[in-house]
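See below for the structure under consideration.
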Amino acid sequence: MFDTVVVGGGLGGLVAGVRLQELDLSALVLEKGAEDGGLNNARISGGLIHLAWGAMDEGRDILRERLETETDGEIDPVLADVLADNAGRAIEWIHDLGIATQAKSDVIYQRHALYPHRPGTGRRIRPEFGPDRMITTLYRTFRESGGTIELDASVTDLQRDATTGTWTVTYRSGDGSPDKTVTARSVVVADGGFQANAELLSRYVGPNAGLCALRAMTSATGDGLQMMLAAGAGATGLGRVYGHMVSINALVDDEFWPYPALDKLCLQGALVARDGALFEHVTSTGVELVTLLARAEDPRGYAVVFDDDLWNTAGRDNPYNTAVPNPDLVDRGGHFVSADSLDDLAKELGVDPAVLSAAVEAHNAQPTRRPITQAPFHAARVVPGITFTMGGVLVDGDANVLTPDRHPIPGLFATGSTVGGVHGGPHGGYVGGLAVAIELGLVAAESIAQADQKAGA
Ligand SMILES: Cc1cc2nc3c(=O)[nH]c(=O)nc-3n(C[C@H](O)[C@H](O)[C@H](O)COP(=O)(O)OP(=O)(O)OC[C@H]3O[C@@H](n4cnc5c(N)ncnc54)[C@H](O)[C@@H]3O)c2cc1C
């Protein structure tokens with residue numbers, strides 16, 4: 001029997017595993033992916049470790065304020081305290097393992113960027129860049145400290161025996177061999193959310209949200225969420241997603257995600273539906289727009305219309321120092337049409353010119369929008385791209401999973417994108433996926449160690 005079974009060999013799971021071993025507790029990590037390093041999003045991430053767009057070592061009070069502001073006060077206050085309290089020592093712990101970060105720019109949230117910096121390139125594993133090196137280092141450290149990792153091990157069931165207080169974890173491999181079970185005193189679930197499960201997206205986010213582009217690995221199918229709900233967990237914020245607007249080509253071609261993101265063009269240009277009618281919205285952030293469109297009837301039916309002026313400003317905007325629509329969308333062969341008049345642009349888009357013209361007129365009449373006036377006119381078909389689901393199970397300040405009425409479920413812990421209550425708010429407040437996975441991974445392991453000490457005392 002192991003002290004702890006960790007479900008998911010990604011960032012949160014490996015941080016918990018390494019910390020458990022440091023605290024003299026035996027951990028088994030079960031990872032769905034068959035290849036070493038697993039199928040986690042951390043290894044293909046942009047590698048910016050930040051908390052609510054602040055630097056991890058910026059100081060507790062500043063970070064606490066940032067968390068509140070970013071989520072418009074909707075973050076669970078207990079988790080806001082935990083994240084603000086642990087940010088500084090979490091980044092130190094990462095550095096102490098030999099994981100390198102280096103500032104990507106002078107912008108504060110880019111201070112701790114995993115090094116060497118990774119360019120945005122779809123689902124490809126790139127061992128030469130910092131995000132993959134972080135995961136490799138965590139795997140190596142975990143094994144060197146005596147931890148066990150089983151690959152091609154997809155967890156399917158969690159059962160607690162109320163008499164012995166132990167958990168039985170059932171898992172299977174992709175080769176069709178019989179299911180296996182393992183028992184442990186505690187379980188840490190770190191399976192990364194449910195963005196890769198179209199059925200769950202449609203159930204929780206919007207009726208057709210499963211049609212959005214997946215801007216992430218295919219592994220996060222919500223197994224953890226479903227198993228924890230079955231074990232009596234409560235959940236929060238399941239209707240919220242983090243993501244960016246991407247080219248329609250992202251549905252079939254990895255070269256079109258994670259970048260270029262078309263958020264700025266979509267926020268400033270005229271977003272039109274499949275028939276050319278204006279999609280009216282008052283959103284101010286890309287994440288909010290993605291959430292809105294993910295809830296729409298026809299998430300794949302939108303195009304953004306803009307003029308040359310916007311193409312040369314918003315189209316070139318480059319806050320993340322990554323690929324941008326102008327020129328990368330065109331260079332990569334993404335959908336993009338141009339015309340000297342709106343009527344001709346309508347023909348290119350296959351919509352009624354009168355409908356498109358009315359859409360642009362309505363757009364131009366809104367005082368908060370940039371008017372579309374300067375030929376040539378352009379359009380690109382877009383789709384909301386979901387990076388990860390923001391909602392998840394309720395946890396307390398010990399990363400202990402809670403029932404709907406907030407009672408801790410003994411021995412059940414969670415970290416990373418399977419946890420709810422951290423991101424959110426009306427504008428899609430995003431507090432940083434890597435930071436949450438690392439910090440709650442540390443907290444979960446330490447809570448388990450503390451409970452173990454108490455039980456042994
Ligand atoms: C393109 C992209 C760019 C990003 N850039 C950034 C960034 O710059 N900064 C930032 O803070 N965040 C970023 N993120 C988000 C960040 O990567 C995630 O929030 C973070 O990796 C979540 O950690 P996790 O441990 O919850 O999940 P993951 O790291 O994804 O790990 C989950 C693991 O669980 C495994 N798993 C799933 N189901 C099972 C099962 N049933 N049994 C066993 N194993 C299972 C998966 O295979 C996977 O290995 C980005 C994400 C993407 C996709």
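The values are calculated or read from the model by the stated rules, or taken from the named source; none is laboratory data. These numbers were taken from a predicted model, which means no experiment stands behind them. All Cβ positions, glycine included, derive from the backbone under ideal geometry; neighbour counts span all protein chains shown. Note: areas computed on protein heavy atoms with side chains; ligands, DNA, RNA excluded. Shrake-Rupley method; radii C 1.70, N 1.55, O 1.52, S 1.80 Å.
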Fill in the blank from the handout: Of the conditions (1) within 21 Å of residue 131 (Cβ to Cβ); (2) more than 8 Å from the ligand (Cβ to nearest atom); (3) among the aliphatic types (A, V, I, L, M); (4) open to solvent by 50 Å² or more (accessible area, probe 1.4 Å), the single one that residue 51 does not satisfy is (4)
Handout entry: 2 or more residues more than 23 Å from residue 244 (Cα to Cα) and within 16 Å of the ligand (Cβ to nearest atom): qualifying strands (runs of 3 or more DSSP E) within the stretch 352-457
Key = 408-414
Fill in the blank from the handout: When restricted to 18, 6, 78, 82, the only residue within 16 Å of residue 415 (Cβ to Cβ), open to solvent by 60 Å² or more (accessible area, probe 1.4 Å) and either part of a loop (DSSP other than H, G, I, E, B) or in the same structural domain as residue 158 (by TED's automatic domain parsing) (or both) is 78
Problem - Residues of the stretch 104-151 classified as β-branched (Val, Ile, Thr) and open to solvent by less than 50 Å² (accessible area, probe 1.4 Å), total - result: 5
Problem - Where residue 394 falls short, out of the listed (1) in the same structural domain as residue 79 (by TED's automatic domain parsing); (2) crowded, with 24+ Cβ neighbours inside 10 Å; (3) within 30 Å of residue 256 (Cβ to Cβ) - result: (3)
Exercise for the section: Scan the stretch 17-46 residue by residue and report those that are within 9 Å of the ligand (Cβ to nearest atom) and within 21 Å of residue 100 (Cα to Cα). Expected result: 37, 38, 40, 41, 42, 43, 44, 45, 46
Exercise for the section: Quick one: residue 254 ticks every box in (1) within 13 Å of the ligand (Cβ to nearest atom); (2) modelled with pLDDT of 95 or more except a single one, so which number is it? Expected result: (2)
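Conditions tested, residue by residue: (1) touching a helix residue (DSSP H, G or I) at 6+ places or on another chain (Cβ under 6 Å); (2) at pLDDT below 95; (3) farther than 30 Å from residue 232 by Cβ.
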{"residue": "315", "(1), (2), (3)": "yes, no, yes"}
{"residue": "333", "(1), (2), (3)": "no, no, yes"}
{"residue": "347", "(1), (2), (3)": "no, no, yes"}
{"residue": "358", "(1), (2), (3)": "no, no, yes"}
{"residue": "363", "(1), (2), (3)": "no, no, yes"}
{"residue": "381", "(1), (2), (3)": "yes, no, yes"}
{"residue": "391", "(1), (2), (3)": "no, no, no"}
{"residue": "399", "(1), (2), (3)": "yes, no, no"}
Problem - Checking residue 327 against (1) more than 24 Å from the chain's Cα centre (by Cα); (2) free of Cβ contacts under 8 Å to residues at least 24 places away in the same chain; (3) not in a helix (DSSP H, G or I), the condition it does not meet - result: (3)
Completion exercise
Within the stretch 92-138, the residues that are within 12 Å of the ligand (Cβ to nearest atom) and assigned to a helix (DSSP H, G or I) are 109, 110, 130, 131, 132, 134, 135, 138
Problem - the stretch 193-225 - residue that is among the polar types (S, T, N, Q) and within 12 Å of the ligand (Cβ to nearest atom) and, of those, most open to solvent (accessible area, probe 1.4 Å) - result: 218
